[in-house]
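Before any comments, here is the structure.
Read-outs throughout are calculated quantities, based only on the coordinates presented, and are distinct from any laboratory measurement. Predicted model only: the values in this text are computed from it and were never measured. Cβ placement follows ideal geometry from the backbone for every residue including glycine, while neighbour counts extend to all protein chains displayed.
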Amino acid sequence: MTLRFAILTVSDRSSRGERPDASGPALVEQIRLQGWQVVKQEIVPDDIEAIKEKFQTWSDGDDTDVILVTGGTGFAPRDVTPEAARAVIERLTPGLDESMRSASLKVTPHAMLSRAVSGICQRTLIITLPGSPKGATENLQVVLPALEHAVNLLREEDAGH
């Protein structure tokens with residue numbers, strides 16, 4: 001099964017062209033190594049409305065199975081990705097969040113500062129990840145084994161049951 005991903009980088013500096021986006025391309029590489037497709041990739045500032053708009057637009061179509069978001073999940077005042085995600089998510093998927101934080105705690109005590117959330121918007125899975133390339137790819141590796149089954153369930157395909 002080919003999964004279709006949209007990758008959103010949330011960063012004020014990268015959106016203004018002041019710093020290259022390293023996390024988005026790192027996620028693209030990981031997805032392509034799985035043999036899956038990246039159908040959309042964009043950068044937006046740390047702005048709740050801009051983030052929500054991408055979530056809603058990308059979830060409305062039938063061409064995206066999973067939205068991966070990197071950035072904006074920490075404690076800084078402009079880190080609003082979890083709030084944007086919660087505004088559009090219809091059903092939370094706490095097992096993904098708990099698994100990522102648990103695995104990350106084995107690498108760094110700072111993992112307990114993650115406010116990352118995940119959930120389902122229509123038939124699209126949204127997963128928020130840390131903003132660093134290392135943190136984003138490490139967390140993605142934790143949930144990769146479950147993604148195909150999760151998408152099968154969302155698509156109501158026989159392979160999911």
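Measuring nothing but alpha carbons in the chain and taking Rh as the Kirkwood radius, the Rg to Rh ratio lands at 0.93.
Just need the relative contact order of the chain here, percent rounded to a whole number, with Cα pairs under 8 Å and 6+ apart. Provide the component values of the computation, followed by the final result.
Working: 313 pairs, mean separation 40.5, N = 161.
Relative contact order of the chain: 25 percent.
The stretch 94-158 and the stretch 1-68 have Cα centres spaced 14 Å apart.
Within the chain, the longest run free of trypsin sites (Lys or Arg not before Pro) that sit in a DSSP loop with at most 10 other Cβ atoms within 10 Å is 17-105.
Which of ALA84, ALA26, ALA76 moves the most in a Gaussian network model of the chain with Cα springs under 10 Å? Looking only at ALA84, ALA26, ALA76, the biggest GNM fluctuation is shown by ALA76.
Once you mark the GluC sites (Glu not before Pro) that are in a DSSP loop and have at most 12 other Cβ atoms within 10 Å, what is the longest gap between them in the chain? Please report the intermediate quantities before stating the final value.
Working: sites that count: GLU18, GLU90, GLU156, GLU157.
Excluding the exposed sites themselves, the longest stretch runs over 19-89.
About its Cα centre, the stretch 42-96 has a charge dipole of approximately 280 debye under the convention of +1 per Lys or Arg Cβ and -1 per Asp or Glu Cβ, with nothing else charged. Annotation for the stretch 53-161: chymotrypsin sites (Phe, Trp or Tyr not before Pro) lying in DSSP loop with at most 11 further Cβ atoms inside 10 Å of their Cβ are PHE75.
The residue among GLN41, THR57, VAL28 whose Cα reaches farthest toward the positive pole of the charge dipole of the stretch 21-78, with charges on the beta-carbon of Lys, Arg, Asp and Glu, is VAL28. When shorter helices are ignored and each DSSP H run of at least 4 residues is given -39500 (n - 2.57), the per-residue value for the chain at 222 nm works out to -13500 deg cm²/dmol. Taking Cα centre as origin and charging only the Cβ of basic (Lys, Arg, +1) and acidic (Asp, Glu, -1) residues, the dipole magnitude of the stretch 11-161 rounds to 520 debye.
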